[in-house]
1. Please work out the Cα convex hull volume for region 200-242 and give it in Å³ per residue.
2. Measure off 7 Å from each Cα along the Cα-to-Cβ vector at GLN786 and VAL263, then give the distance between these two points in nanometres to one decimal.
3. Dividing the Cα convex hull volume of region 500-649 by residue count, how many Å³ per residue is that?
4. Which peptide among 682-693, 567-578 comes first, and what is the full order, when sorted by highest mean count of other Cβ atoms within 10 Å?
5. When only alpha-carbon atoms are used, what values of Rg and Dmax, in angstrom, describe region 125-217?
6. Taking N as the number of residues in region 655-790, what is its Cα Rg relative to 2.2 N^0.38 Å?
7. For region 240-293, what percent of Cα pairs sit more than 18 Å apart?
8. Arrange the peptides 351-363, 753-765, 868-880, 698-710 so that the one whose residues have, on average, the most other Cβ atoms within 10 Å appears first.
Amino acid sequence: KCNDNSEALPESIPSAPGTLPHFMEEPDDAYIIKSNPIVLRCKAMPAMQIFFKCNGEWVHQNEHVSEESMDETTGLKVREVFINVTRQQVEDFHGPEDYWCQCVAWSHLGTSKSRKASVRIAYLRKNFEQDPQGKEVPIEGMIVLHCRPPEGVPAAEVEWLKNEEPIDSNLDENIDTRADHNLIIRQARLSDSGNYTCMAANIVAKRRSMSATVVVYVNGGWSSWTEWSNCNARCGRGWQKRSRTCTNPAPLNGGAFCEGMSVQKITCTSLCPVDGSWEVWSEWSVCSPECEHLRVRECIAPPPRNGGKYCEGVSQESENCTEGLCIQDKKPLHEIKSQNIETASDIALYSGLGAAVIAVAVLVVGVTLYRRSQSEYGVDVIDSSALTGGFQTFNFKTVRQGNSLLLNSSMQPDLTVSRTYSGPICLQDPMDKELMTESSLFNPLSDIKVKVQSSFMVSLGVTERGEYHGKAHSGTFPHGNNRAFGTIQARNKATYIQNLSSLSTTSELKTTAIFGHLGGRLVVPNTGVSLLIPHGAIPEESSWEIYLAITQKESSLQPEGTDVLLGPEVTCGPSEVTLSTPFALTIPHCAQVNSEHWNIHLKKRTQQGKWEEVMSVEEETTSCYCLLDPYACHILLNSFGTYALIGEPISDCAVRQLKVAVFGCLSCNSLDYNLRVYCMDNTPCAFQEVVSDERLQGGQLLEEPRLLHFKGNTFSLQISVLDIPPFLWRIKPFTACQEVPFSRVWCSSPKPLHCAFSLERYSPATTQLACKVCVRQVKGHEQVLQIQTSILENERETITFFAHDDSNFPAQMGPKAFKIPYSIRQRICATFDTPNAKGKDWQMLAQKNSINRNLSYFATQSSPSAVILDLWEARHQHDGDLDSLACALEEIGRTHSKISDITETEVEEPDFNYSRQNGL
C-alpha cells in the first residue's frame, strides 16, 4: 500500500522468489479531446504491486484500478493497473514540460519503471497560416500551390482536393503532395485547370482553406502561310495575297492572340490579253469548174494571246467569178438571178412603205408625249437640247402665282400657308441658248434680281449666287432634303423616327422601269439602293426595261472566316443588256470606313451561281470604279448582274456599325408587355425589314434608334433591361440580361438579331412604362435607350422616322432624274475633257469633287468629265448639293486664269460682255 500523501513507497513488499517485473504493456501518449478524460494503463509480470507516478508525484492508491491474473504458461502473477487523467489536471499543471505519467512495478527482486507517457490537450485552430493562391500558368509550365495548415495538437495532416475530389499523388506521377504540404504539378496540362483546396485535419477537427483557381492557358500560334493567290488584276498591275490563321494552336483560356498580320500582300503584274486581228485578204484564187473563186485570211495580225478573243468573222470567202455567164439548168445564170432579184425588190418596196407610215405615226405620238412631259416644267420646249441653263441658290420670299417656270405646276397650292425656302433649284435654259443673265428667261418675274459673279462661272452658264423675290403658295415648293435615315429633326420623339406606315410592306423589293436614250434613275424605296443610267448610255430610238432588286431570302454568298457581308445583295438587269457608258450602282454598307482596319471587296455572282471577286475598293483598275462613302458604296460598272460588298477585317479595330432599335407591344396576357431589342446592320433596307416584321406583330417603335460601334475583337454583346419600377412592374429572375456570343453577331447573315424581354404589371391600372435598355459590347461601345411610353394604343405617343423621300418616285426618266441640267453638263464636259496646259482639265474636276484615287479608270473613258459627273449624281441623289459643285467650278476659275475662248464661241458676245462690264 501507499501512504496517505503518496510520497513514499509501500511499507512492505511481499517476498517471493522470482525475477524483476517485466512490462507487458506500458502507458501510451494520449490527447484529451474537449473535456473527455483519458485512461492510462500499465501491465507487468511478475508484479506484486503497480503504482503510477505523474509529474514526479505518486498517484493516490484510491485512484488506481487494479486487476490481477495468473499466467497459465509460467504460473507467474500478472497485474494490470488503470488511472484516469482529466483536462483539469493537465490545465492545472505548470511545468517546464508536458504533463507526464509513469508506472512502477514491484517484485521480490526489485522494481521496474515504465516509459513516460505524455498527456496533452488536443486542438486545431481555424485559420490557415498560408492559403493557396490562384495561378495562370502556360501549358507545360510548373504549378506550385503552397499551403501552411493551422496550428494544432497533434499536428494536422494535409490533403488536397481538386474540384472537391481528393487528389491521389500515387496515381499521377505528374503530381507531388509530399513536399511540406505543398502541391506541385511538374508539367501543367489543360486538364489541370480547376479549383484547388487544401484540407487540414487532426483528431479534433477538419479545416478547409480558401479555394485557389488554376487556369492553364494556351498562347495562340500561327499556322503556315497559304499559297499566294492569283493576281487579282486580269490586266496590268494588281496584288496577290496569302493568309494564315491563329490556330496552331488556337488561343485558349485567355491565352495571348498571335502577334503580327494575318494577311500579306504583294504587288503583281498580269499579262494583258491581246485580241486577235485579221490579216489582209489573200488574192482571189483561179476560177473553179463550179464558177467560183476563193480568198482566205488568217487571225495573225496579231494572233490572240494571254486569253484574248479570237477574230470575229469568217476566214474564207467565195463568190461567182463569171459575172453570171455560167450555165445552170440550161439557162444563163444572170437570168435566174434577175428573176429572184425582181421578186425580192417588190417585197422590199412594200415593206419600206409600210415601215415609213408606222415611223411617221410613232414620231407624231412621240412628239406629242414629249411636249406634254415638258409642260411640267412650265415652258414650251421646242429644242430638246435646251433643257436647263443654270443653277443657283435662291431665297424665295414671294413669287407671283401664275409663274410656272420655276415651280412644279402639277402640285396643288395651299392657299392658306406661306413658307420661306432656301436651297438649290434648277432653272431651265432659254430656248435661244443665250447666257442666263437679265434675258427674256426672267421676264415673267418683274421683281427678280439676278447677280452673277466670276467670268469662268458665266462661261459655263453657272451663277455663283442668285436672289429671287416673289410670291407663291407653300404647296408648290420642293420638299427639304433629308440627309440620312435616322437623323433627328425635332424637339421631341413625335417628330423624330420614321412613320412606320410609310415603309414598304411588299415581300419583293424590286423596281422596274423602261428607259431610253435620255437615261434615268431607279430606286428601291427606303433601302438606299439605287441605279443611275446616264444620258446616252442607251442608243437612240431604243428603249429597254431595266429592273433593280434586293435579295430578301438567305444570300447564296457565304463569307469565309471572319469576312462580313456588309450590305444587301443587289441585282440589276437584264444581264444581256450592254450600255455604251458606265452606269452607277449605289449599295449601302455598315462598315466604319478605314483602310487600316478593313479590306472591302466587290463580288459578282456568275451564271453558274458562284461568286467571283470583281475588285478591291482600294485597287487600281480600269474595269470598274468604287467610291466608298461613310454609309454607301457608289460603283461604276459596265455590265448588269448580282453584286455584293464583302468586308475582310484586317485588325481587331474593324468596326461594324449596328443600329439598335426597341419595339414594344402587349402580349396575349393583358398584364404582360413584350420588349424586343433589335441589333441590325446600319443600312436602310435592314431597318425596313425589321419595321415590316414588327408591323405584322403589332409592335411600336419606342425610342430613337441608336448607332452601336461593334468591334471585331471577339468580345460578346450584352443586352439588359434596367431601372424597372419595382412596385409597378417585374421581370422574370435571371432574364433581365442576355448575352450574345461574338460569332453570332459578327459572322451572322444580314438578318437582324433580336432579344425579347417579357415584363409583367402588378396591376391592370398601370399604363405607363419607364425603363432603360442597355446594349453594350464587352470592353467596347455602349448605348443606353431611355424608354418612356404608354402601353395603351390610344394614349401612345406616335414616333415618326424621316427617310429619303423616294417612296413616291421609284423611277425617274429623262432630265427629271438628274440634278445637273443637261446643257450645263455639256458645257462642263466640253471645258474639262480637253487637255489644258494650265491644268484646268478633268483631273482637277475630279480632285475638287474629292475623287483622288484610281484616276486611270477615268482616263480610259471617252468623256472622263461625264463619268465624274455621273458619280457626282449618284453621290448627291438625295441632297442635290449643286452649291458644292458650283463652288468647285468657281474655285477652279479663281485658281487659274479666266477661260474666255469657250464663252466667246458658245454664247452671244453682247450678253457676255454685258456681264463682264458690270462685274457679274
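1. Dividing the Cα hull volume of region 200-242 by its residues yields 98 Å³.
2. Computed distance between label sites GLN786 and VAL263 equals 4.2 nm.
3. Measuring per residue, one finds 125 Å³ for the Cα hull of region 500-649.
4. Highest mean packing first, the order is 682-693, 567-578.
5. 13.0, 41
6. The value comes to 1.04.
7. 70 percent
8. 868-880, 698-710, 753-765, 351-363
FYI, it's all coordinate maths here, none of it is from the lab. A quick note: this is a predicted structure, and the numbers were derived from the prediction, not measured. Here the Cβ is made from the backbone with ideal geometry for all residues, glycine too, and neighbour counts use every protein chain on show.
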